[in-house]
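J.: After the structure tokens below, expect a handful of questions from me.
Derivation of every value follows stated rules applied to the coordinates shown; laboratory data play no part. Not measured: the values here are computed from a predicted model. Here the Cβ is made from the backbone with ideal geometry for all residues, glycine too, and neighbour counts use every protein chain on show.
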Amino acid sequence: MTHQPLQTRILNENEAGQRLDRFLRKAFKKTPLSLIHKFIRMGLVRVNGKRVKGDVMLSTGDKVDYPETAFFEWKRTPRPTGGLNLRDHIIYEDGHLIAINKPAGLLVHPIERREALTLIDALIGYLKSTEGASWSFKPALVHRLDAETSGITVTAKNARALRNLTGQFRERETVKEYYAVVNGVPGSSQGRIDQPLEDQKGVLRESLTEYTVEKKGNRCALLRLRIHTGRIHQIRRHLTAIGHPIMGDHRYGGPRAERLFLHAWRLALHHPETGKVLQLEAPLPVEFQNLSSF
């Protein structure tokens, strides 16, 4: 085999603490493991300039040299972006997390074999293009947001941030607020919907939603909502239960509209590294502001 020019990868915290062969397997998913082992045995892959075995443990700052060949072509190109420029939707970003104002209609994760663009595709493409991106840690969203819903989504950029942030959501240490345009006008300017909802196994779970009427129209109202639990479709199900389904929510009896009028506008959480409260906000979409159009 002709020797190829070597590329060098300096490992970051996310890539340390694993065997060389496992790191390469994650980095080059299309390369057969047998070929990875062959390259290591031939000395074409080196750590800190030395020949090593595949089971050597890697540390932060290690330099991994590998041959620039078609076999070791890192998968840098995700599925087509469909014209989505993720940079235009970034609310906040640092080395630990990234918050995106997700457009309505954008899937978060792939569904079966659908080839449509997803938020995770766009995030992978964006983060892989940035300096110091991890090869072996896949960016992970730390909470759910329906495809039809717009607004804030938070993604962890390293394993430690992922553990911390998912723990905050699990322990209900975050503050989550939404806006919704609903059919009809609630009789009270404020309300509390304390109604258990079934989970995917059919078990009733406590569910609590609070709302404030922000603006009234002739046939609809703009509500600001805060959820204290995180059940699937909680806001949509609760608003339908009180007779005010969300405009465009065909699944739960809402009138026909151009989109589902539900927007995740505010999220407060503790920064996974500093512990300081991080307030994230996604501006209210313009279509929510003209109630006379319904």
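J.: Across segment 91-293, how many lysine pairs separated by 8 or more positions, or lying on different chains, have Cα atoms within less than 19 Å?
T.: Working: Lys102/Lys138; Lys102/Lys157; Lys102/Lys176; Lys128/Lys138; Lys128/Lys157; Lys138/Lys157; Lys157/Lys276; Lys176/Lys276.
Here the count comes out as 8.
J.: Then there's this: Using 0.36 nm per residue, how much length does the chain from Asn85 to Arg192 gain when fully extended, once their Cα-Cα distance is taken away?
T.: Details: separation 107, 0.36 × 107 = 38.52 nm, distance 3.84 nm.
Length gained, Asn85 through Arg192: 34.7 nm.
J.: Calculate how many DSSP beta bridges within the chain are antiparallel, expressed in % of all such bridges and rounded to the nearest 5. Numbers along the way, then the final one.
T.: Details: 55 of 58 bridges.
Once the DSSP bridges in the chain are tallied, antiparallel ones form about 95 percent.
J.: Another question, if that's okay. Among the aspartates and glutamates, which have Cα under 15 Å from the Cα of Lys30 when same-chain residues fewer than 8 positions away are ignored?
T.: Asp21, Glu68, Glu73
J.: Continuing with the same structure: Net charge within 12 Å of His270 by Cβ-Cβ distance, Lys/Arg positive one each and Asp/Glu negative one each, not counting His270 itself? List each step's numbers first, then the result.
T.: Values: positive: Lys276; negative: Glu171, Glu173, Glu273.
Taking every other residue near His270 into account, the sum is -2.
J.: Now, a different point. Among Asn12, Asn164, Asn85, whose mean-square fluctuation peaks in a Gaussian network model of the chain (Cα, cutoff 10 Å)?
T.: Evaluated over the chain, the most mobile residue of the options is Asn85.
J.: Order 203-216, 90-103 from most to least packed using the mean count of other Cβ atoms within 10 Å. Provide the component values of the computation, followed by the final result.
T.: Numbers: 203-216: 16.0, 90-103: 18.4.
Highest mean packing first, the order is 90-103, 203-216.
J.: Can you match Rg and Dmax of the Cα atoms in Å to one of these, (1) 23.4, 78; (2) 20.4, 61; (3) 20.1, 66, based on a calculation from the structure here?
T.: Identified label for the calculated read-out: (1).
J.: Using alpha-carbon positions, what is the distance between the centroids of segment 12-48 and segment 164-239, in Å?
T.: With segment 12-48 and segment 164-239 each reduced to a Cα centre, they are spaced 47 Å.
J.: Shifting gears a bit: Based solely on its DSSP helices, what 222 nm [θ] is calculated for the chain when runs of n ≥ 4 H residues each add -39,500 (n - 2.57) and the sum is averaged over all residues, nearest 500 deg cm²/dmol? Before the final figure, lay out the partial values.
T.: Values: 5 runs with 47 residues, N = 294.
Dividing the helical sum by the residues of the chain leaves -4500 deg cm²/dmol.
J.: Over the Cα atoms of segment 132-194, each weighted equally, I'd like the Debye log10 I(q)/I(0) at q = 0.18, 0.23 Å⁻¹, rounded to two decimals.
T.: -0.83, -1.08
J.: While we're looking at this one, here's another question. Evaluate the Debye formula for segment 6-72 with equal point scatterers sitting on the alpha carbons, no solvent, and hand back log10 of I(q)/I(0) at q = 0.13, 0.24, 0.25 Å⁻¹, in q order, two decimals.
T.: -0.28, -1.07, -1.17
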